[in-house]
Amino acid sequence: MDFEATPGLRSRRHLWKQLAVEIERAARYHRPLSVTVYDVDHLGAYNERHSREDGDKVLGEIATILIAQTRAADIPAYYGGGTFVLAVPEATKHQAFGLAERVRRMVEFTFAPGRRSRHKVAVTTSAGVSSYPADGEDPMELVRAARKAMKAAKKAGRNVVMSTPEVPEVAVPVAAKRAAGPKAAAKPKKVARPKKAAKRAKPKPAARARKKVAARRAVKRKLAKAKRVGTKRAAKPRKAAARRVKKKAVKRKPARAKKVTKTKKATRAKKATKSTKTRKTSVKRPAKGARSARTARRTGKTVTRRAGRSARGGKRS
C-alpha cells in the first residue's frame with residue numbers, strides 16, 4: 001500500500017519492538033505510558049461504494065494528520081484493516097485522551113463535505129485509550145485494552161473517543177447519540193413549568209383598523225396641542241415684558257413727584273422748628289436801649305436818648 005510509505009509512519013513489527021523498550025523504561029524510572037488505537041468508521045462500505053484506491057487515499061490522509069498532531073518521541077504505526085496505533089511515552093491516560101480527541105476532530109473537519117471541501121463523503125474515526133501499568137504490563141495487553149475501548153466507542157455511535165473504565169468517559173457527541181439509537185439519544189425530562197395565562201382573543205381586522213386610526217388621530221391631537229401651548233408660552237413673557245415697560249413709563253413719574261414734594265415740605269418744616277429752637281436758646285437778650293430802639297424801628301416811633309455822661313455822671317447846672 002502506498003500510504004504505508006508515509007514518512008514518520010511505522011510498521012506493526014517496529015511498533016512491538018519500540019513499545020517493549022518504552023515499557024521497560026517506564027517500569028525502571030516509574031514514568032507514565034499510554035497507547036491509543038484509532039479505527040476508521042465504515043471503511044469497508046466506503047471501499048465498496050468507491051474503490052480500494054480511494055480508501056487507501058483516505059488512510060494516507062489520516063496518517064498524515066496523525067503524524068502532524070504527535071511529537072517526535074511518539075510512535076505512530078499502521079496496525080492493519082484501517083486501524084492505527086499510537087504509543088505515547090511520558091503521557092498519562094488523561095493526556096493521551098486529549099490528544100486522541102484532537103486527532104478525531106481534525107479528521108472530522110478535514111473530511112467534512114461542503115462547498116470548499118474536495119471530499120463528498122464524510123469520514124470519521126473512533127478511538128480507545130489505555131495506559132501502563134493500570135491496563136497491562138505487556139505490549140499485547142496494552143493494545144488489547146485500547147482496542148476494547150475503541151470497540152466500546154463504536155457501539156456508542158462512532159466518531160467518539162473512549163478509555164478504559166479507570167478514567168471517567170467524556171460525554172458522547174449529539175450526532176453519535178442520534179446514530180446510536182433512541183436509547184442513547186434520549187433527552188432528560190423537562191421540569192414542568194407553570195401554565196401561562198390564556199391569551200386574549202385577537203380582534204377582527206376591521207376593529208384593528210379602527211383602533212389604529214383612532215390612535216393616529218389621538219397622536220395628531222397631542223402634537224397640535226403641544227404646538228399651541230408652546231406658542232402661547234413663548235408669547236406670554238414678551239407681552240408681560242411690554243406691560244412692565246408701559247407701567248414704568250406711565251405710573252412712576254407722578255409717584256416720584258409726589259414723594260419729592262412731601263419730602264421737601266417735611267424738611268422745610270423740620271428746619272423751621274430747628275431754627276426757632278436755636279434762636280430761643282442761643283440769642284442773648286439785648287440791653288434796654290437796644291431793645292427800645294428795635295421796637296421803635298418796628299413801630300415807627302422815635303425814641304429820645306439822654307446823653308450818657310450828662311445824664312448819668314455829668315455836672316449839674
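All of the numbers you see were taken from the coordinates with simple rules; none came from a lab. For clarity, every value in this text was computed on a predicted model and none was experimentally measured. All Cβ positions, even for glycine, are placed from backbone atoms using ideal geometry, and neighbour counts span all protein chains on display.
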Write out the GluC sites (Glu not before Pro) in the stretch 82-159 meeting two conditions: DSSP loop, and at most 15 other Cβ atoms within 10 Å of their Cβ.
137
Taking the C-alpha atoms of the stretch 3-180, convex hull volume expressed per residue in Å³:
111 Å³
log10 of Debye I(q)/I(0), alpha-carbon scatterers only, for the stretch 81-151 at 0.12, 0.18, 0.27 Å⁻¹
-0.39, -0.73, -1.24
Exposure proxy ranking, count of Cβ atoms within 10 Å, fewest first, for 15, 86:
15, 86
Residue 47 to residue 109: FRET efficiency via 1/(1 + (r/R0)^6), r the Cβ-Cβ distance, R0 25 Å, to the nearest 0.05?
0.65
